[in-house]
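None of the figures in this text is laboratory data; all of them are computed from the coordinates on show. Just so we're clear, the structure is a prediction, and the values are computed from it rather than from any experiment. In this analysis, Cβ positions are derived from the backbone assuming ideal geometry, glycine residues included, and neighbour counts consider all displayed protein chains.
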Amino acid sequence: MNLSWKERLGVVIGNALEYYDIAVFAAISPFIINILSNNGYDDAGVLVWGMFGLRFLLRPFGGFIIGKVADQKGKKTALVITSTLTGFATLSMALLPTDLDHIVFYFLILQMLQAFSFGGEFPTIINYLINNSPSNQHSRTGSMIVASSISGVILSLLIVSLLQSTLSDQAMQSYGWRIPLLIGAVNIAVGFWFRFKLPSEVKPSVNTKPQLGTLWIELFSVSVTGGAVFYIQNLASSIIATSTNIPNYSLLNSTFLLVLVIFAGYFTDKMSTPKKTYVVGCLVGVILYFPLYWVLTNSSLTVSIFSMGAITLISAFILTNLAAVLADLAMNKTVQLGISYNIALSIFGGLTPLIVEVSKSYSASLIGLYAAACTVPGLLATCLYIQRGTKTHREIRT
């Protein structure tokens, strides 16, 4: 079964809304902090960001349970479930009375539900889209996944920014913070419209060949690189922004990345293969991330913009081909991919903003050293996988 581009678009629209629902919590966090403070909670900021960090602990469980559904009942069923769960959690947050006793508990439960859902969402999307697309379109399909994720983040920033420029501070604190959540709740509609109309697999196609233990390590390693690069480029960009001369760095950086991942997808499908391009991107990242981040944070505006563009271009080629590499490694096993990917994200996704913050306190250029170090695992794992595949091919020929 090969999905049409329209059907693939229906899948990634749901992914964009999943990322929107996650990112919007960070965007409205100042208002949630005020709500908790008004309810008598000390250190409300610590509680809010503590909830955000705890989300990552539940993601591997979502990867396992929803991955089971995807492998046994079909990817379409799993995707309808994830859209419905995330939409329900977001709608519930939007409707929470602010004078509830133990309101922090309700926010925490709903955040955990979102995290559980998203733990199964992304691995299922990777397997569903890549394994049901022609091989010469894998990179462009991967670029759609990344672009939808970035679009969700950008959309959350734009909507909250628009509301803040339109409404007074009092109105935003009273009811305005609920509006972005209500918009995010359309995930429910996505689940029962776009995704419910997707074609089902006649029988969920899962490779049953026994897999080497090294593949778990390879999936984890590739996920470490993808997670760290994505979170540095997006969620940690607001931290990096304070060390550059570039106005509106976060929004400009994410928008630039959105354009470049689309370019990287077309370039790879026309000129190379996802695995080869991913390896080249990682290798260039290992060599150039540190000097480019030094230039980004220690130069004039023009030179800094050039450096930002170079960093973003390298990251685009890595992220665009991430889905194809992971799907090829996982051999359509969503459970294995979900567990490996989410454990990597739980560690490096959750810690990346903190590591970036600490690195910046010493020297912002150290962010580049962290980015380069996180690129090494994905580079080594993919090279070993390619080497193993080449060796197997030779053995078959002889």
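For the range 164-178 and the range 342-380, what is the centre-to-centre distance using only Cα atoms, to the nearest Å?
So the two Cα centres are separated by 35 Å.
Using a Gaussian network model on the chain with a 10 Å cutoff between Cα atoms, which of PRO30, PRO134, PRO97 fluctuates the most?
PRO97
What dipole magnitude, in Debye to the nearest 20, does the chain give about its Cα centre under +1 on Lys/Arg Cβ and -1 on Asp/Glu Cβ?
Using Cβ point charges on Lys, Arg, Asp and Glu, the chain gives about 1580 debye.
Pick from GLY40, GLY349, GLY285: which residue has the top mean-square fluctuation in a GNM of the chain where Cα pairs under 10 Å get a spring?
Among GLY40, GLY349, GLY285, the largest mean-square fluctuation in the Gaussian network model of the chain belongs to GLY40.
Nearest 500 deg cm²/dmol is fine: what mean residue ellipticity at 222 nm does the chain get from its DSSP H runs of n ≥ 4 alone, each adding -39,500 (n - 2.57), divided by its residue count?
The per-residue figure over the chain is -26500 deg cm²/dmol.
Report the Cα centroid-to-centroid distance between the range 72-108 and the range 127-155 in angstrom, as an integer.
Each part reduced to its Cα centre gives a spacing of 25 Å.
I want to verify a result. In a Gaussian network model of the chain, Cα cutoff 10 Å, which of these has the top mean-square fluctuation: SER238, SER37, SER254?
Top of the fluctuation ranking is SER37.
Of the listed peptides 374-387, 310-323, 159-172, 61-74, what is their order by residue-averaged count of other C-beta atoms within 10 Å, with the highest listed first?
Going from most to least packed, we get 310-323, 61-74, 374-387, 159-172.
What relative contact order, as a whole-number percentage, does the range 263-382 give when Cα pairs under 8 Å and 6 or more residues apart are counted?
About 43 percent, as a whole number.
Listed highest first by mean packing, meaning other Cβ atoms within 10 Å per residue, what order do 20-27, 260-267 come in?
Numbers: 20-27: 23.8, 260-267: 21.0.
Descending packing order for the listed peptides: 20-27, 260-267.
Output wanted: per-residue J couplings in Hz (rounded whole) for the range 11-25, from phi through Karplus 6.51 cos²θ - 1.76 cosθ + 1.60, θ = phi - 60°, x for Gly and Pro.
Once rounded to whole Hz, the list reads 5, 6, 4, x, 5, 4, 5, 4, 5, 4, 4, 6, 5, 5, 4.
Step through the residues of the range 250-265 one at a time and calculate ³J(HN,Hα) from phi using the Karplus curve (6.51 cos²θ - 1.76 cosθ + 1.60, θ = phi - 60°), rounding each to whole Hz and writing x for Gly and Pro.
Karplus-based 3J(HN,Hα) across the range 250-265 equals 4, 5, 5, 4, 5, 5, 4, 5, 4, 5, 6, 5, 5, 4, 4, x Hz.
Would you mind working out the magnitude of the charge dipole of the range 1-195 relative to its Cα centre, with +1 at each Lys and Arg C-beta and -1 at each Asp and Glu C-beta, to the nearest 20 Debye?
The dipole magnitude comes to about 920 debye.
Restricting to Cα pairs below 8 Å that are 6+ residues apart, what does the relative contact order work out to for the range 161-320? Please round to a whole percent.
RCO, the range 161-320: 24 percent.
Tell me which of ILE28, HIS102, LEU182 sits at the most positive position along the dipole axis of the range 1-195, charges placed on C-beta atoms (Lys, Arg +1; Asp, Glu -1).
Farthest along the dipole direction, towards plus: LEU182.
Let a ≥ b ≥ c be the square roots of the eigenvalues of the Cα gyration tensor of the range 1-195; is it rounded (a/c under 1.5), or, if not, prolate (a/b larger than b/c) or oblate?
In terms of gyration-tensor shape, prolate.
Roughly speaking, what is the centre-to-centre gap between the range 238-305 and the range 1-55 when only Cα atoms are used, to the nearest Å?
The distance from the Cα centre of the range 238-305 to that of the range 1-55 comes to 24 Å.
Going toward the positive end of the dipole of the chain, with +1 on Lys and Arg Cβ and -1 on Asp and Glu Cβ, which of SER346, SER165, ILE262 do you reach last?
Ranked along the dipole, the leading option is ILE262.
Could you work out the relative contact order of the range 1-195, using alpha carbon pairs under 8 angstrom and six or more residues apart, expressed as a whole percent? Before the final figure, lay out each step's value.
On the way: 242 pairs, mean separation 83.7, N = 195.
Averaging sequence separation for qualifying contacts and normalising by length gives 43 percent for the range 1-195.
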